[in-house]
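**Student:** To start, I am sharing the structure in question, which I have written as C-alpha cells.
The values are calculated or read from the model by the stated rules, or taken from the named source; none is laboratory data. No experiment lies behind these values; they were computed from the predicted model shown. Every residue, glycine as well, gets a Cβ built from its backbone with ideal geometry; the counts of neighbours run over all protein chains shown. Surface accessibility is based on the protein's heavy atoms, side chains included, excluding ligands, DNA and RNA. Shrake-Rupley method; radii C 1.70, N 1.55, O 1.52, S 1.80 Å.
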Amino acid sequence: MKVAQNAVVVIDYTLKDNAGEVIDSSEGAGPLAYLHGAGNIVEGLEEALEGQEAGAEVHASIEPAKAYGERHEDMKQDVPKELFGGVENIEQGMQFQSETEQGPVLVTVVQVTDEMVTVDGNHPLAGVHLNFDVTVREVREATAEELEHGHVHGEGGQPQ
Ligand code: ZN
C-alpha cells in the first residue's frame, strides 16, 4: 500500500537543522504513527512521503514555509517583570502560555533583565530549515475511529 490521503503511516525519523545538529529523533522514543493528510506532521514532510511504501528511505529537505513558518521579529515583546508576579526566578528558556486576541500563544523567555522580560511568540523551530531522514516502516488503512478523530491510535500514535 502506498502513502496517500487517510493512510496510517509508521515512520522512524531523525530531524537535523542545516548545521547537522539533531533536533529530534524517534530513536529511543519508538516509531511515530501519523494519519496522512490530517496535518499531524509538517506539510513538507507529508509531501515528501506521498506515494512511498513500507521500506522506503526518504530524505526530505524542508524550507520553513512548509514546516514551522518564518520567524517574525515583531512576535518578540518586552514585558514588565512584575506581570510575572507569581513566578520566581524567571530564566531564559522558560515557556509560558500568553493570552492574545488571536487566542493562547506559547511564548519562550529569551532575555531577562532587572525589570524586563523579553518573550518570543515564535515557534522554537520557526525559520529553521528541516532535514529529515525517514524510514517508512508500515502503511495501513486507518480505522473509522481514527479517521473521525484525525489521528492514529495505538503504538506511536494517541492513547485514544
Ligand atoms: Zn482518538
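**Student:** Considering region 28-54 alone, what residues qualify as being out of contact with any strand residue (DSSP E or B) (no Cβ under 7 Å at 6 or more places or on another chain) and not in a loop (DSSP other than H, G, I, E, B)?
**Tutor:** Residues satisfying the conditions are E43, E46, E47.
**Student:** Does region 102-110 contain at least one residue that is outside the structural domain of F132 (by TED's automatic domain parsing) and in a loop (DSSP other than H, G, I, E, B)?
**Tutor:** Checked against the condition, which is being outside the structural domain of F132 (by TED's automatic domain parsing) and in a loop (DSSP other than H, G, I, E, B), region 102-110 yields at least one hit.
**Student:** Can I ask one more? Working carefully through the options G154, G103, find the one that is within 16 Å of the ligand (Cβ to nearest atom) and either over 17 Å from the mean Cα position of the chain (by Cα) or among the charged types (D, E, K, R) (or both).
**Tutor:** So the residue among G154, G103 that is within 16 Å of the ligand (Cβ to nearest atom) and either over 17 Å from the mean Cα position of the chain (by Cα) or among the charged types (D, E, K, R) (or both) is G154.
**Student:** Something else: Test each condition in (1) closer than 24 Å to N18 by Cβ; (2) out of contact with any strand residue (DSSP E or B) (no Cβ under 6 Å at 6 or more places or on another chain); (3) exposed (fewer than 12 other Cβ atoms within 10 Å of the Cβ); (4) touching a residue at least 40 places away in the same chain (Cβ under 8 Å) for E73 and report the one that comes out false.
**Tutor:** The number of the failed condition is (4).
**Student:** On to the next question. Name the residues in region 136-151 that are in a strand (DSSP E or B) and either within 13 Å of the ligand (Cβ to nearest atom) or open to solvent by 50 Å² or more (accessible area, probe 1.4 Å) (or both), would you?
**Tutor:** Of everything in region 136-151, those that are in a strand (DSSP E or B) and either within 13 Å of the ligand (Cβ to nearest atom) or open to solvent by 50 Å² or more (accessible area, probe 1.4 Å) (or both) turn out to be R137, E138, R140, E141.
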